[in-house]
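The values are calculated or read from the model by the stated rules, or taken from the named source; none is laboratory data. The structure displayed is predicted, hence computed values, not measured ones. Note: ideal-geometry Cβ built from the backbone for every residue, glycine included; neighbour counts use all protein chains shown. To get the accessible areas, we keep the full protein, side chains included, count just its heavy atoms, and leave off ligands, DNA and RNA. Shrake-Rupley method; radii C 1.70, N 1.55, O 1.52, S 1.80 Å.
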Amino acid sequence: MGNLSKQQIEELAKHLEDAELQAYEVTKITDDFPDMTYKDAFDIQWEIRRSKEARGHKIVGMKMGLTSWAKMAQMGVEKPCYGFLADYFSIPDGGQIKLDELIHPKVEAELAFVTKAPLVGPGVHIGDVLRATDFVMPAVEIIDSRYKDFKFDLKSVIADNSSSSRFVAGGTMARPEDLDLKNLGVVMEINGEVVQLGAGAAVLGHPASSVAMLANMLAERGEHIPAGTFIMIGAITAAVHVNKGDSFCVRYQGLGTVSGKFV
Ligand code: 0L1
Ligand code: MG
């Protein structure tokens, strides 16, 4: 059930997308709309998506967010969320990320699944995900909440496309049966110094659970994950704040590295 009108949804979507495109902070929207529901929050996110597509952008994938205890504890939120990835969010491995286009970015070590068959919830489980996965690859997300000081609640962050802003996909792929996804180790370095480390099981016990949860959350809106979808599973470690000039390199056990630089 929603409590906001169509006009309010459209206005809030524009409010948050303007903040994203012009890189300025806003206060969390539940301050002004305390009665908004989770359906309203997703309606706002889907309206931002619709408006980007109407301007000619392509949606190139999906992301799960807040799927690890490290992230939930860091942000004071206790349930995962999802968002979409637009074409211009994609940065090549080893590429440069323009800090002036962002507000206060943080780097997250993630993995991505690419599907070869549709996943239609409800009731999707890890087995369905593994059967429908074409390959797994390393990926780094650069999140950038539009909310002042990253202060938000779950509804506000869902409306803000779950802080999506940029991502870097790595160049090594592997079939899920060739990986030990629970134990897969990641080490994040900023300017050559190790700042975070973790293993795949940090994400909901098994990285494939995150993809299952996405399929089941999408089913609540009559949506599904089509074949060929790139899905980031959420941060394995806490997110790390970066400044202009910083370089990152995330090392993945058996899957190479993903790197980039903030300029
Ligand atoms: O895990 C994530 O991708 C983050 C989702 C949104 C919460 C945040 O901005 O930390
Ligand atoms: Mg993330």
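Mind listing whichever residues of region 131-178 are polar (S, T, N, Q) and either within 16 Å of ligand 1 (Cβ to nearest atom) or closer than 18 Å to residue 239 by Cβ (or both)? Break it down into steps so the answer makes sense when it comes.
First pass over region 131-178, keeping only residues polar (S, T, N, Q): 133, 145, 156, 161-165, 172.
Once the filter is applied, which keeps residues that are polar (S, T, N, Q) and either within 16 Å of ligand 1 (Cβ to nearest atom) or closer than 18 Å to residue 239 by Cβ (or both), region 131-178 yields 145, 156, 161, 162, 163, 164, 165.
Out of 61, 56, which single residue is in a loop (DSSP other than H, G, I, E, B) and more than 10 Å from ligand 1 (Cβ to nearest atom)? Step through it out loud before you land on a result.
Working: 61 fails: in a loop (DSSP other than H, G, I, E, B).
So the residue among 61, 56 that is in a loop (DSSP other than H, G, I, E, B) and more than 10 Å from ligand 1 (Cβ to nearest atom) is 56.
For region 202-224, the tally of residues that are closer than 20 Å to residue 109 by Cα and in contact with a helix residue (DSSP H, G or I) (Cβ under 8 Å, 6 or more places away or on another chain) stands at 9. Please verify whether region 20-36 includes one or more residues that are touching a His at 6+ places or on another chain (Cβ under 9 Å), under 22 Å from residue 88 (Cα atoms) and open to solvent by 30 Å² or more (accessible area, probe 1.4 Å). Checked region 20-36: at least one residue is touching a His at 6+ places or on another chain (Cβ under 9 Å), under 22 Å from residue 88 (Cα atoms) and open to solvent by 30 Å² or more (accessible area, probe 1.4 Å).
In region 240-252, the residues that are among the acidic types (Asp, Glu) reach residues that are part of a loop (DSSP other than H, G, I, E, B) with C-beta atoms within less than 9 angstrom, at least six apart or across chains, in these pairs: 246/191. When 93, 31, 18, 40 are screened for being closer than 23 Å to residue 207 by Cα, at pLDDT 95 or above, out of contact with any Asp or Glu (no Cβ under 7 Å at 6 or more places or on another chain) and of a type in the set (Asp, Glu), only 93 passes.
For region 22-36, does any single residue satisfy the condition of being in a helix (DSSP H, G or I) and within 30 Å of residue 114 (Cβ to Cβ)? No, region 22-36 contains no residue that is in a helix (DSSP H, G or I) and within 30 Å of residue 114 (Cβ to Cβ). Counting only residues that are assigned to a helix (DSSP H, G or I) and open to solvent by 10 Å² or more (accessible area, probe 1.4 Å), region 155-175 holds 1 of them. Restricting attention to region 185-199, does a residue exist that is within 15 Å of ligand 2 (Cβ to nearest atom) and either open to solvent by 30 Å² or more (accessible area, probe 1.4 Å) or assigned to a loop (DSSP other than H, G, I, E, B) (or both)? For region 185-199, residues within 15 Å of ligand 2 (Cβ to nearest atom) and either open to solvent by 30 Å² or more (accessible area, probe 1.4 Å) or assigned to a loop (DSSP other than H, G, I, E, B) (or both): present.
Is it the case, given these coordinates, that residue 62 is touching an Asp or Glu at 6+ places or on another chain (Cβ under 9 Å), within 18 Å of residue 209 (Cα to Cα) and open to solvent by 10 Å² or more (accessible area, probe 1.4 Å)? Full working, then the answer.
On the way: touching an Asp or Glu at 6+ places or on another chain (Cβ under 9 Å): no; within 18 Å of residue 209 (Cα to Cα): yes; open to solvent by 10 Å² or more (accessible area, probe 1.4 Å): yes.
So residue 62 fails the test.
Does residue 26 satisfy being touching a helix residue (DSSP H, G or I) at 6+ places or on another chain (Cβ under 8 Å), closer than 16 Å to residue 158 by Cα and hydrophobic (A, V, I, L, M, F, W, C)? In short, yes.
Residues are listed down the side, and each one gets a yes or a no for (1) more than 16 Å from residue 60 (Cα to Cα); (2) within 13 Å of ligand 2 (Cβ to nearest atom); (3) in contact with a helix residue (DSSP H, G or I) (Cβ under 7 Å, 6 or more places away or on another chain):
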site: 102; (1), (2), (3): yes, no, no
site: 109; (1), (2), (3): yes, yes, no
site: 115; (1), (2), (3): no, no, yes
site: 121; (1), (2), (3): yes, no, yes
site: 126; (1), (2), (3): yes, no, yes
site: 133; (1), (2), (3): yes, no, yes
site: 148; (1), (2), (3): yes, no, no
site: 155; (1), (2), (3): yes, no, yes
site: 162; (1), (2), (3): no, yes, no
